[in-house]
Amino acid sequence: MGLLLASLSISLYGQHTISGKVTDNNNQALEFCNALLLNAIDSSLLNGVVCDAEGRFSIPNVKSGEYLIAYSFIGFETTYQSIEVDQSKDIGNISIASSGINIDAIMVTARRPMFEQKIDRMVVNVQNSITSAGTTVLEVLQKSPGVIVNRQSGTVSMSGKDGVQVMINGKLSYMPSSALLTMLDGMSSNNVDKIELITTPPAKYDAGGNAGYINIVLKQSPDEGLNGNLSLTMAAFYGTAPAASLDLNQRSGKLNLYGSYSFSREAQRQFFNSYRKINIENKITETTIISDRDPSQLNNNVRIGLDYQFSPKTTIGVLASGYNNKWSMDAVNTSDTKINNQKDTSISITNDEINQWKHGMINTNISHKTEHSGDFSINVDFLTYDNKNPNNYLNTYNNGNNELVRNEKTRSGKHTIIKILPVQLDHQISINSKLSLESGAKMVMSTFTNDVEVANLNQNQWVSDDEFTANYRLKENIYAAYSSFSYSPSNNNVFKAGLRYEHTSSNLGTEKTANIVDRKYGQFFPTLYWSHTLSANQSFNLSYNRRINRPTFNNLAPFLIFIDPNTFISGNAALQPSIADGIKADFVYKSYAFSVGYTHEDNTISDFQPDINTQSNKQYFIAQNLHKTQTLNSTISLPVSITSWWFAQTNINGTWQQVQGDYKESKVTLSQFNYNISGFQSFTIVKDFNFECSGFFQSPSLMGISKGKSFGMLNLGIQKKFDNSTLKFGVDDIFSSMRWTTIIDLPAENIYSNNFLQFSRRIFKLTYTQSFGNKILKAKRSRSTASDDVQQRVR
C-alpha cells in the first residue's frame with residue numbers, strides 16, 4: 001500500500017525533474033546504468049530510468065520531499081545518494097566503483113532501515129542488525145518495538161495486549177505458547193529476513209489473537225541458479241549457545257527448489273525465586289522457594305519446498321517443514337515455610353524434566369490467474385505436534401529443627417498429540433484501477449489428546465493420584481468466510497473495509513467425564529481502514545477492527561507441573577474466549593511515525609495468574625478470565641541520520657492499562673501507565689566496517705492482576721564485510737538485566753506474592769556468514785498457506 005500511495009502522490013503533487021550523470025572511477029560514462037528513485041521511508045521503488053550513451057539520466061514528475069537514488073550497473077557496486085527535492089535540479093556527476101564481479105544480469109539491492117512503519121504494521125529488518133546476528137528469533141522479538149516476551153507465562157504481547165498470533169512466511173503456527181516459545185528460541189535469526197508486527201490485520205486473516213500478528217519472513221533467494229547462505233555462531237559466558245544454519249535455493253526455468261536447516265544448543269543457568277505470605281486462621285504463613293536450574297535445549301529445524309509454474313497463469317507448490325526441539329533440565333529447589341516467623345517446614349526438592357516437541361507440516365497449494373475473473377488460490381495443510389513432558393521429583397522433608405521427617409518420590413508428566421487440518425480458498429479481483437475485491441472461505445479441523453499423570457512411589461509401586469490423572473480429548477472445528485474491498489476515490493485517499501464471520505464448536509472430555517467443555521458460538525469481525533496522503537511527506541491512517549482470543553488447547557485440557565509439593569502450574573478448562581474492539585490512528589511525517597490506539601476487551605485471558613488456597617497454603621499458577629481490560633497505547637518511531645556515518649533509531653511506546661477481575665470473593669481493579677523504549681545506534685567506522693548498539697527498557701506494567709517490575713537489555717556488536725561474507729562479534733544483555741519480577745498484593749485477602757525469574761544472562765557471540773552461488777535476479781513467488789493463522793493455538 002505504501003508503494004501505491006507513493007506512486008499516486010507523484011502524479012498528484014510534483015512536477016520536478018532530477019537529472020545527473022553517472023561515471024566510473026576513470027570518469028567514463030556508464031551507458032545503460034540504472035538510476036532508481038526510492039522512498040526515503042522504506043526504500044520502496046517509485047521510479048527508475050536508464051542512463052543514455054553519455055551516462056546522463058533524467059527522472060521526471062518528482063514531487064517535493066526526501067528520497068534515495070540508487071545507481072546500479074553490471075559489475076559495479078550499487079551506490080545510494082540521499083536527496084531533498086523542492087525544485088528541479090541537476091545533481092552533477094556521480095561516480096560508482098567497480099565490484100570486480102562479472103554477472104549476466106543486473107542485481108539491485110535496496111537498503112532497508114532496521115525498522116519500517118507501514119500502514120498496518122511495523123517491519124523489523126533483521127538482516128540489517130549487527131546485534132541480531134547469531135541470536136534466536138525470540139531474542140530479536142525481545143528487542144522489537146512494543147513487543148514483550150514473557151518467558152514466565154510463556155506468552156508474547158504487543159502494544160500492551162496479550163493474544164499475539166505468530167506466523168511464519170504468512171503461515172499461522174497453530175501451536176501452544178510453550179511450544180511456540182521453544183520453537184522461536186530454537187530458530188536462528190540468521191535464517192530470518194524480516195519480522196512484521198501487524199497491529200491491524202485485514203479480514204483475510206483469522207480473527208484469533210486480539211493483539212494482532214507477528215509474521216516471521218524467512219530468507220528465500222529470488223536469484224536464478226543455485227545459491228545459498230551458510231552461517232556459523234559460537235556464543236559463551238554463563239553457558240554456551242552454538243548455532244549453525246544453511247539456506248539453499250535452486251531456481252531453473254519453471255522449477256524452484258528451496259530448503260533450509262538450522263541447529264542450535266542453548267545452555268545457560270536459570271534462577272527462580274518465589275515468596276508468598278498469607279493469613280491462615282490468624283497465623284501468618286510465609287513460604288520461600290529458591291530454584292537453581294541447569295537447563296539445555298537442542299533445536300533442529302528443517303524446511304523444504306518446491307514451486308512449479310505449469311503456465312504463466314498457473315503455479316503449484318508443495319512445502320514441508322518440521323522441528324525436533326528438546327529441552328532438558330536438572331534443578332535443585334528449596335522450599336521453606338514459617339508460621340508467625342518461626343520455621344515450620346523445610347523441603348529440599350531435586351528434580352529433572354524433559355520437554356520435547358516434535359512437529360511436522362505439509363502444505364499443497366495452487367494459484368491461478370485469469371484475465372477477467374481474478375486470481376484464485378487454494379491451500380491445504382496438515383500439521384501434527386507431539387509433546388512429551390516427564391518430570392521426576394525427590395522430596396526431602398525436614399521439620400523446624402532441621403530433623404528429617406520423610407523422603408518421597410513423585411512423578412508427573414503429559415503426552416500431548418495435536419492434529420490440525422486447515423483448508424483455505426481465496427479469490428482476488430481488480431474491478432478497475434480504483435476498486436479491488438477479495439473474498440474467501442476457510443475450515444480448520446483440530447483434534448487434541450492430552451494424557452496427564454501424577455503418581456507417588458509407595459512401597460516401590462507407582463500409585464496414580466486420581467485427582468490429577470486423566471486422559472483428555474478435545475475436538476474443535478472452525479468455519480470462516482470473509483469479504484473485503486479496497487477503493488481509491490482519489491489519488492490521496494484509500495479506503496478498505498472487510499467483514500469476516502467465524503463459527504466455532506469445541507468439545508472437551510475425558511474417558512470418565514464427557515462434555516467438560518461443550519461450546520458452539522459464532523461472531524462477525526469487521527475491519528475498516530482509511531489512508532490519506534496529506535502531502536509529499538505526510539500521511540494519515542485510521543483503522544478499526546474486532547478480534548477474538550480463544551483459549552489455547554493446553555489451557556483447556558489441564559496439566560500439572562510441580563514447583564514444590566504446594567506450588568503448581570496448571571490449566572483451566574473453564575476459560576472463555578475474549579472479544580476485543582480496537583481503534584488506531586497513525587501519522588507519518590517523512591520517516592517519522594506516530595500512532596495512538598485504544599482497545600476494549602471483555603473476558604481477557606491472562607496467563608500465569610496466582611491462585612492461593614488460604615486453607616491449605618497451596619498456590620496454583622493458572623490462566624484466568626478477567627472481566628475486562630482497557631488499553632490506551634501510543635507509539636513514536638524516530639529514525640535520524642545524525643551524520644553520514646551515524647544513524648539512530650528510537651521507538652517509544654507508552655501504554656495506560658486498566659484491568660478489572662475477581663480474586664476469590666473480591667473485586668480487583670488495577671490501572672497503571674508503562675512505557676517501553678527501544679532502538680539502536682549504527683556507526684560506519686570505515687567502509688565495510690560497522691558498529692551497533694541496541695537495546696530496550698520496559699517500565700513496570702500490569703500482568704493480569706499482578707504487577708511486573710521494570711527490566712531491559714543492552715547489546716553491542718561490530719561487523720566486518722568481505723566480498724561474499726560477513727564476520728560479526730557481539731555481546732548480548734551486557735548487564736544481565738533480563739530479570740522478571742511479578743507482585744500480587746491484595747490486603748483485603750491477606751495475600752502477598754512475589755516471583756522472580758532470570759532465564760538468560762550476558763553472553764558473547766561470534767558469527768560468520770558466507771553467501772555463495774549465482775546472483776542473477778528473478779522474481780520470486782509470494783507464498784502463504786492455510787495454516788498461517790492456526791499454529792499459534794498449540795500452546
Open item on the list: Restricting to segment 424-434, and then to whatever is open to solvent by less than 50 Å² (accessible area, probe 1.4 Å) and free of Cβ contacts under 8 Å to residues at least 60 places away in the same chain, can you tell me which residue is farthest from Lys496 (Cα to Cα)?
Closed with: His427
TODO: Considering each of Lys520, Lys442, Lys475, Lys496 in turn, give the residue that is open to solvent by 10 Å² or more (accessible area, probe 1.4 Å), closer than 30 Å to Ser591 by Cβ and part of a strand (DSSP E or B).
DONE: Lys496
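Residues are listed down the side, and each one gets a yes or a no for (1) of a type in the set (Phe, Trp, Tyr); (2) in contact (Cβ under 8 Å) with a residue 60 or more places away in the chain:
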{"position": "Leu474", "(1), (2)": "no, yes"}
{"position": "Pro489", "(1), (2)": "no, no"}
{"position": "Val494", "(1), (2)": "no, yes"}
{"position": "Gly509", "(1), (2)": "no, no"}
{"position": "Asp518", "(1), (2)": "no, no"}
{"position": "Phe524", "(1), (2)": "yes, no"}
{"position": "Phe553", "(1), (2)": "yes, yes"}
{"position": "Leu556", "(1), (2)": "no, yes"}
Open item on the list: Would you confirm whether or not segment 616-628 contains a residue that is charged (D, E, K, R) and in a loop (DSSP other than H, G, I, E, B)?
Closed with: no
Task: Breaking point among (1) within 30 Å of Ile751 (Cβ to Cβ); (2) open to solvent by less than 50 Å² (accessible area, probe 1.4 Å), for Asn256 - done: (1)
- [ ] Looking for whichever is open to solvent by 30 Å² or more (accessible area, probe 1.4 Å), at pLDDT 90 or above and of a type in the set (Ser, Thr, Tyr) here; the options are Ser710, Ser699. Which one fits?
- [x] Ser710
Task: Conditions (1) farther than 27 Å from Val147 by Cβ; (2) in a strand (DSSP E or B); number of the one not met by Ala748 - done: (2)
TODO: Would you tally the residues in segment 400-423 being open to solvent by 30 Å² or more (accessible area, probe 1.4 Å) and within 30 Å of Phe376 (Cα to Cα)?
DONE: 3
TODO: For residues that are of a type in the set (D, E, K, R) and at pLDDT 90 or above, scanning just segment 270-293, find the one that is most open to solvent (accessible area, probe 1.4 Å).
DONE: Lys277
Open item on the list: Going through Thr527, Thr552, Thr567 one at a time, which residue ends up being over 25 Å from the mean Cα position of the chain (by Cα), buried (at least 20 other Cβ atoms within 10 Å of the Cβ) and either modelled with pLDDT of 85 or more or β-branched (Val, Ile, Thr) (or both)?
Closed with: Thr567
TODO: Sort out which residues of segment 640-656 are under 23 Å from the mean Cα position of the chain (by Cα), over 30 Å from Tyr275 (Cβ atoms) and open to solvent by 20 Å² or more (accessible area, probe 1.4 Å), and write them in order of number.
DONE: Thr650, Ile652
- [ ] Return the residue satisfying two criteria in turn: it lies in segment 355-372 and is of a type outside the set (D, E, K, R) and open to solvent by 60 Å² or more (accessible area, probe 1.4 Å), and of such residues it is farthest from Ile563 (Cα to Cα).
- [x] His372
Open item on the list: What's the total number of residues in segment 570-586 that are under 30 Å from Met122 (Cα atoms), surrounded by fewer than 17 Cβ atoms within 10 Å (Cβ to Cβ) and among the hydrophobic types (A, V, I, L, M, F, W, C)?
Closed with: 2
TODO: Might you check whether a residue that is closer than 18 Å to Gly704 by Cα and outside any strand (DSSP E or B) occurs anywhere in segment 578-600?
DONE: no
Task: Complete set of residues in segment 606-621 that are open to solvent by less than 20 Å² (accessible area, probe 1.4 Å) and closer than 17 Å to Gly708 by Cα - done: Ser606, Gln609, Pro610, Phe621
Task: Matching residues in segment 523-537 - criterion: being assigned to a strand (DSSP E or B) and polar (S, T, N, Q) - done: Gln523, Thr527, Ser531, Thr533, Ser535
Open item on the list: open to solvent by less than 60 Å² (accessible area, probe 1.4 Å) and touching a Gly at 6+ places or on another chain (Cβ under 7 Å): is that true of Phe756 in this structure?
Closed with: no
TODO: Could you tell me which of the residues Phe540, Phe562 is farther than 30 Å from Gln649 by Cβ, part of a strand (DSSP E or B) and touching a strand residue (DSSP E or B) at 6+ places or on another chain (Cβ under 9 Å)?
DONE: Phe562
Open item on the list: Which residue is least open to solvent (accessible area, probe 1.4 Å), if the candidates are limited to segment 457-472 and must be hydrophobic (A, V, I, L, M, F, W, C) and part of a strand (DSSP E or B)?
Closed with: Ala470
TODO: Run down Ser488, Ser483 and say which single residue is over 30 Å from Asn355 (Cβ atoms) and either open to solvent by less than 20 Å² (accessible area, probe 1.4 Å) or among the acidic types (Asp, Glu) (or both).
DONE: Ser488
TODO: Check segment 657-668 and report whether any residue there is open to solvent by less than 60 Å² (accessible area, probe 1.4 Å), under 22 Å from Ser595 (Cβ atoms) and at pLDDT 85 or above.
DONE: yes
- [ ] Please work out which one of (1) in contact with a strand residue (DSSP E or B) (Cβ under 7 Å, 6 or more places away or on another chain); (2) in contact (Cβ under 8 Å) with a residue 40 or more places away in the chain; (3) of a type outside the set (A, V, I, L, M, F, W, C) is the condition Glu84 fails and give its number.
- [x] (2)
Task: strands (runs of 3 or more DSSP E) wholly inside segment 337-410 containing at least 2 residues that are within 29 Å of Gln270 (Cα to Cα) and over 42 Å from the mean Cα position of the chain (by Cα) - done: 342-369, 391-399
Open item on the list: Under 7 Å between Cβ atoms, which residue pairs at least 6 apart in sequence (or on different chains) link something in segment 293-306 that is within 19 Å of His359 (Cα to Cα) and small (Gly, Ala, Ser) with a partner that is open to solvent by 50 Å² or more (accessible area, probe 1.4 Å) and in a strand (DSSP E or B)?
Closed with: Gly305/Val318
Task: Residues that are closer than 30 Å to Leu184 by Cβ and either free of Cβ contacts under 8 Å to residues at least 40 places away in the same chain or open to solvent by less than 40 Å² (accessible area, probe 1.4 Å) (or both), drawn from segment 325-353 - done: Asn325, Lys326, Ser328, Met329, Asp330, Ala331, Asn333, Ile349, Asn351, Glu353
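The values are calculated or read from the model by the stated rules, or taken from the named source; none is laboratory data. As the structure is a computational prediction, the values presented were derived from the model and not from experiment. Counting neighbours? That spans all protein chains shown, and the Cβs are built from the backbone with ideal geometry, glycine included. Side chains are part of the model used for accessible areas, which takes the heavy atoms of the whole protein and leaves out ligands, DNA and RNA. Shrake-Rupley method; radii C 1.70, N 1.55, O 1.52, S 1.80 Å.
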